[in-house]
1. Would you mention how many residues in segment 21-38 are more than 16 Å from GLY60 (Cα to Cα) and assigned to a loop (DSSP other than H, G, I, E, B)?
2. Kindly indicate the residue of segment 7-33 that is open to solvent by 100 Å² or more (accessible area, probe 1.4 Å) and among the aliphatic types (A, V, I, L, M) and also modelled with the highest pLDDT among those meeting that condition.
3. Condition test on ARG4, is it modelled with pLDDT of 85 or more, open to solvent by 90 Å² or more (accessible area, probe 1.4 Å) and part of a strand (DSSP E or B)?
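The values are calculated or read from the model by the stated rules, or taken from the named source; none is laboratory data. All of these numbers come straight from a predicted model, not from anything done at the bench. All accessible areas refer to the heavy atoms of the entire protein, side chains included, with ligands and DNA or RNA removed. Shrake-Rupley method; radii C 1.70, N 1.55, O 1.52, S 1.80 Å.
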Amino acid sequence: NWGRMLIAGILPEYRQSGIDSLLYVIPFDNGRRLGLQHGELSWELEDNVMINKAIEKVGGVVYKKYRIWDFDL
């Protein structure tokens, strides 16, 4: 009863045009039609303010974080 959307993004020239709403509405409607009760959006950068605010506006909450560390051995 869970669905996952791995990434979401809009090309810079289309940002803040309203098209970003389709990233939420279409998967939400399709998930509901398939009987899904929960959804997850992952692999979004924690410093990507625009996408994170949009996710919060539709009721999304951060419940886990993945971090990638880079260092020389």
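1. So the count comes out to 2.
2. Once the filter is applied, the top-ranked residue is LEU11.
3. Details: modelled with pLDDT of 85 or more: yes; open to solvent by 90 Å² or more (accessible area, probe 1.4 Å): yes; part of a strand (DSSP E or B): yes.
Considered against the rule, which asks whether it is modelled with pLDDT of 85 or more, open to solvent by 90 Å² or more (accessible area, probe 1.4 Å) and part of a strand (DSSP E or B), ARG4 comes out as yes.
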